[in-house]
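**Student:** I'd like to ask some things about the structure below.
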Amino acid sequence: MRNTRHARAALLAVAAAIGATTLHAQAQIDGALKAAYDKYKGLQEGKNADYIPALAKVDPNIYGIALVATDGKVYTAGDVKSEVSIQSISKVFTMAKVIDEQGLDAIVKTIGVDATGMRFNSIVAVEVAEKSLGGPEINPLVNPGAITATSMLKGTDRDSIWKDLLAYYSDFAGRPLSVNQEVFKSESDTNQRNQAIGYLMYAYNFIKSDPMRATDIYTEQCSVSVNAKDLATMAATLANGGKNPVTGKQVIKTENVPGVLAVMSTAGLYDDSGKWLYRTGLPAKSGVGGGIIAVSPGKFGIAVISPPLDEAGNSVRAQKAITDVSNAIGGNPYATKPR
Ligand code: DON
């Protein structure tokens, strides 16, 4: 029994390493998804975000897991059709677009690529970067860095910048995405803190154009509606050198993927990024809509949607389910084997 288990694990690891999945390995992946789904279905921890009023109304029982392997195979468990707003997961793809347009150095010089260790909308983090660290020492995955990244997108006017950004996200997802207008309005009506952050970044010369336009586009990008399969496909595109494994389209330049994954590793789950990396080894990103994406480089992208969040603003079920699935199928890139 023990030997059989070892043999299966070895087979799975090999299949995953070459990016191809045998029927046997496929059954194992399906089994891992189902086991994680069942294990956490009854979990009653966490609470929907409510500082954006529309998010408080989302059904907390939505729960789905999707995994897209780099060979294009899609695995699902639970509800992978219901859509939630992408929220902070969008920050990854805006950062990716800025890097694609301006190169890896653009982000390092203007925003930084270091974890703040503080909450995602911390103003203190900006003050510390400006006053104590003396410059761009934050990152594009916390609100100040994300609004700054949005301000850096190329385009002649708001409409064309937005159209190009949504098209870029859609290429990652492999289908045309759209905005949840109720969420967009709700957050626009209540985002005074982000407006203040936008102005602060402008005052400190991180943002060099109209900070309210950047905050508005940022708010709209957070309102893009996605299901678990969309998110997993977006993650899988990063797992596959920037080429969407379902549509075959090269979305982000291959050479830019490692930089994006690095920032996801150090800052994707905010002040809990270290704990997350310790348990999974996976570059990841959460959103207050309840989604989390994670990338096993060269192997798969995985996403879970479940709206109830913990104190740091990360989905409780999504963290647990992704950890279980990835560890069961050998997703941790740091898990080396002795020769
Ligand atoms: O700016 C905000 O507060 C939201 N639109 C996004 C925050 C978020 O998703 C943080 N993630 N866990």
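The values are calculated or read from the model by the stated rules, or taken from the named source; none is laboratory data. Computed from a predicted model, the values in this text were never measured in an experiment. Ideal geometry is used to build each Cβ from the backbone, glycine not excepted, and the neighbour counts take in all protein chains shown. Heavy atoms of the whole protein, side chains included, go into the accessibility calculation; ligands, DNA and RNA do not. Shrake-Rupley method; radii C 1.70, N 1.55, O 1.52, S 1.80 Å.
**Student:** Can you confirm whether the range 118-126 contains a residue that is more than 13 Å from the ligand (Cβ to nearest atom) and of a type outside the set (A, V, I, L, M)?
**Tutor:** no
**Student:** All but one of (1) in contact (Cβ under 8 Å) with a residue 60 or more places away in the chain; (2) over 22 Å from Gln102 (Cβ atoms); (3) part of a helix (DSSP H, G or I); (4) open to solvent by 10 Å² or more (accessible area, probe 1.4 Å) hold for Phe184, so report the exception by its number.
**Tutor:** Evaluating Phe184 over (1) in contact (Cβ under 8 Å) with a residue 60 or more places away in the chain; (2) over 22 Å from Gln102 (Cβ atoms); (3) part of a helix (DSSP H, G or I); (4) open to solvent by 10 Å² or more (accessible area, probe 1.4 Å) leaves (1) as the failure.
**Student:** For Glu255, all conditions in the list (1) more than 16 Å from the ligand (Cβ to nearest atom); (2) part of a loop (DSSP other than H, G, I, E, B); (3) at negative phi; (4) open to solvent by 10 Å² or more (accessible area, probe 1.4 Å) hold save one; what is the number of the exception?
**Tutor:** Against the list (1) more than 16 Å from the ligand (Cβ to nearest atom); (2) part of a loop (DSSP other than H, G, I, E, B); (3) at negative phi; (4) open to solvent by 10 Å² or more (accessible area, probe 1.4 Å), Glu255 comes up short only on (2).
**Student:** Separate question: Tell me which residues, restricted to the range 94-135, are open to solvent by less than 60 Å² (accessible area, probe 1.4 Å), hydrophobic (A, V, I, L, M, F, W, C) and part of a helix (DSSP H, G or I).
**Tutor:** Met95, Ala96, Val98, Ile99, Ala106, Ile107, Ala125, Val126, Val128, Ala129
**Student:** Those residues that are surrounded by fewer than 24 Cβ atoms within 10 Å (Cβ to Cβ), farther than 19 Å from Gly78 by Cα and touching a residue at least 60 places away in the same chain (Cβ under 8 Å), I need them from the range 294-311; list them, please.
**Tutor:** If the condition is that a residue be surrounded by fewer than 24 Cβ atoms within 10 Å (Cβ to Cβ), farther than 19 Å from Gly78 by Cα and touching a residue at least 60 places away in the same chain (Cβ under 8 Å), then Gly298, Asp310 are the ones that fit.
**Student:** Mind counting the residues in the range 193-223 that are within 11 Å of the ligand (Cβ to nearest atom) and either modelled with pLDDT under 95 or not basic (Lys, Arg) (or both)?
**Tutor:** Residues that pass the stated criteria total 11.
**Student:** Being among the hydrophobic types (A, V, I, L, M, F, W, C), within 14 Å of the ligand (Cβ to nearest atom) and either under 21 Å from Ile292 (Cβ atoms) or out of contact with any His (no Cβ under 7 Å at 6 or more places or on another chain) (or both): is that true of Ala149 here?
**Tutor:** Spelling it out, Ala149 is indeed among the hydrophobic types (A, V, I, L, M, F, W, C), within 14 Å of the ligand (Cβ to nearest atom) and either under 21 Å from Ile292 (Cβ atoms) or out of contact with any His (no Cβ under 7 Å at 6 or more places or on another chain) (or both).
**Student:** Among the residues in the range 61-79, are any in a loop (DSSP other than H, G, I, E, B), surrounded by 24 or more Cβ atoms within 10 Å (Cβ to Cβ) and touching a strand residue (DSSP E or B) at 6+ places or on another chain (Cβ under 6 Å)?
**Tutor:** The answer is yes; a qualifying residue exists.
**Student:** Condition (residue is within 22 Å of Leu55 (Cα to Cα), aliphatic (A, V, I, L, M), within 16 Å of the ligand (Cβ to nearest atom) and assigned to a strand (DSSP E or B)) applied to the range 310-327: is it met by at least one residue?
**Tutor:** no
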